[in-house]
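Just below is one structure, and these are the notes that go with it.
The values are calculated or read from the model by the stated rules, or taken from the named source; none is laboratory data. What you are looking at is a predicted structure, and each value in this text was computed from that prediction instead of being measured. In this analysis, Cβ positions are derived from the backbone assuming ideal geometry, glycine residues included, and neighbour counts consider all displayed protein chains.
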Amino acid sequence: MRVRSLVFDALLALVVLVATQAEAWNGTFSTHRQGPHWAEALAYGTAAAALAFRRVWPLGAVLTVCGVMALEFVVFGSPEGFGVAIPPLVAAYTVANCEERPRALWGLATVLGFGVVWLVFDPMSVRPVQYAQGAVWLSPWVVAWLLGAYLRTRRLYAQGLVREREERTLVAVAEERSRIARELHDVIGHSVSVMTVQASAVRRLMRPDQAKERAVLETVEATGREALAEMRRMVGVLRSGQDGPDLTPPPTLDQLDRLLENFRSAGLDVVLEPDGVAAPLPPGLDLTAYRLVQEALTNTLKHAHASRAVVRISYRDDALLVSVRDDGRGPNGTTELGNGLLGMRERVAVYGGTLSTCAAEGGGYEMHAELPIEAT
C-alpha cells in the first residue's frame, strides 16, 4: 500500500463520516430517519471508519460496514438516505477490485444480504410493490461491484502481459548468450588448435639435447588439448538436443560484401561506406561486428519498411565503429527491434562496448556500436 492510497482512503472516510453525521443528527441528505439519532450516528460513524481500511482489509471492511448498519436497522428500523447508500457502495467496489474472486463474491453476497435487511426493516415499505421499488436501489451496489471486478481483471491482464514480456526477454537473452558462447567457442577453439599444432610441430624439430624445452612444449600441447576438450563439454551443455555441430567457419567482415548482396537481392538497397584503413581484428570482435550488421539489416528489412540502408565501418586505433542507418520508420513508429536488439546488446557487452539506437537525422532509424579493440 502506498502512503498516498492510505491518505486518500482516510480523506474519503472523513468525507463520508461528516456527511453521514450531518444526516443522522440534522436530517441532511436523508429522506427518512428512523430510531434514536445517536444510534444512527454510531452506526454511520463505524461504517465510515471502516472505509479508511478498505484496501488494507477489503472483505473485513464490507463485513463491518454491512454488519454494524444491519444491526442498527434490525433494532431500530431502517432509515433512507445518503448514509444507507454510499458506505456499502464504496465497500462493494473495493472488495471486487482488491480481493480474489471467491472472497469478492462473499463481499457481494454480504452487500446484497444487507440490502434485504434494509428492505425488510424499512417501515416505509409495507406493500409488495414498495419492496420491488426499493430493490431497485440495490442495483448501484451491484454495478459498483461489477466495475471493481472489471478494473481488477484489466489490471491483472496488463500485469500478465508485462510478466510475459519480461519472461520472453529473459528467454531471448539466454538463447542469444548460448549462441554467442557457441560462436566464440568456434573462434577460440580454432585459435587454440593452431597453437597446439604449432607447439607440436616445434617440439618435433627440437634437438635431442633440448629436453627442458621439449617438456615445456609437451605441457603446452597437453594444456591446449585439455582446454579444447573442456570447451567442447561446455558447448555441449549449451546446445539443445536438436542442434548438431555447426561446421561452417564463423563469418567475418571480409565476407560483408556477400552479406550485403543477399540483402540487395531481397529488395533493400544497401551501401557500404568504409572509413579508415582496414586492420586485422581479433576473431571474436570480427564476428561480433559482422553479426551486428546482419541483425541491423534484418530488422530494417523486416520492420522498418525501408528502401535504402547505409552501412559504415570505421577503423580507429582503439575502437571499431559500426553503424547502420535506414530511411524507414523511426523509433516513434511501429518498429520494434525486440529480441534482435537484445541480441546486439549482449554481443556488444561481451567486449565492453556501447550500443545506441535512435531516430536518424532526416528520418529513418540508426544503430551505432562502438567496440573497443584494446578490450580484446
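Residues of the range 100-125 that are within 30 Å of the chain's Cα centre (by Cα) and surrounded by fewer than 13 Cβ atoms within 10 Å (Cβ to Cβ): Glu100, Arg101, Pro102. One residue stands out among those in the range 2-18 that are within 23 Å of Phe73 (Cα to Cα) and crowded, with 18+ Cβ neighbours inside 10 Å: the one that is nearest to the chain's Cα centre (by Cα), which is Ala13. Could you say whether any residue in the range 10-21 is in contact (Cβ under 8 Å) with a residue 24 or more places away in the chain and outside any helix (DSSP H, G or I)? The answer is no; no qualifying residue exists.
Of the residues making up the range 126-142, those that are loosely packed, with under 13 Cβ neighbours inside 10 Å and either in a helix (DSSP H, G or I) or touching a residue at least 24 places away in the same chain (Cβ under 8 Å) (or both) are Pro128, Val129, Ala132, Gln133, Val136, Ser139. Of the residues Arg177, Arg165, Arg182, which is assigned to a helix (DSSP H, G or I), free of Cβ contacts under 8 Å to residues at least 60 places away in the same chain and of a type in the set (D, E, K, R)? One residue alone meets the criteria, Arg165.
Only one entry of Gln198, Gln159 meets the criterion of being assigned to a helix (DSSP H, G or I) and outside the structural domain of Glu230 (by TED's automatic domain parsing), and that entry is Gln159.
For the range 305-320, the count of residues that are crowded, with 17+ Cβ neighbours inside 10 Å, under 27 Å from the mean Cα position of the chain (by Cα) and modelled with pLDDT under 90 is zero. Scanning the range 59-79 for residues that are without any contact (Cβ under 8 Å) to a residue 12 or more places away in the chain and polar (S, T, N, Q) yields a count of 0.
Among the residues of the range 80-99, is any over 20 Å from Leu12 (Cα atoms), surrounded by fewer than 20 Cβ atoms within 10 Å (Cβ to Cβ), of a type in the set (Phe, Trp, Tyr) and in contact (Cβ under 8 Å) with a residue 24 or more places away in the chain? No, the range 80-99 contains no residue that is over 20 Å from Leu12 (Cα atoms), surrounded by fewer than 20 Cβ atoms within 10 Å (Cβ to Cβ), of a type in the set (Phe, Trp, Tyr) and in contact (Cβ under 8 Å) with a residue 24 or more places away in the chain. The set of residues from the range 159-197 being among the small types (Gly, Ala, Ser) and over 30 Å from Thr252 (Cβ atoms) comprises just one member, Gly160. All conditions in (1) modelled with pLDDT of 85 or more; (2) over 25 Å from Thr252 (Cβ atoms); (3) touching a helix residue (DSSP H, G or I) at 6+ places or on another chain (Cβ under 6 Å) hold for Thr335, with the sole exception of (1).
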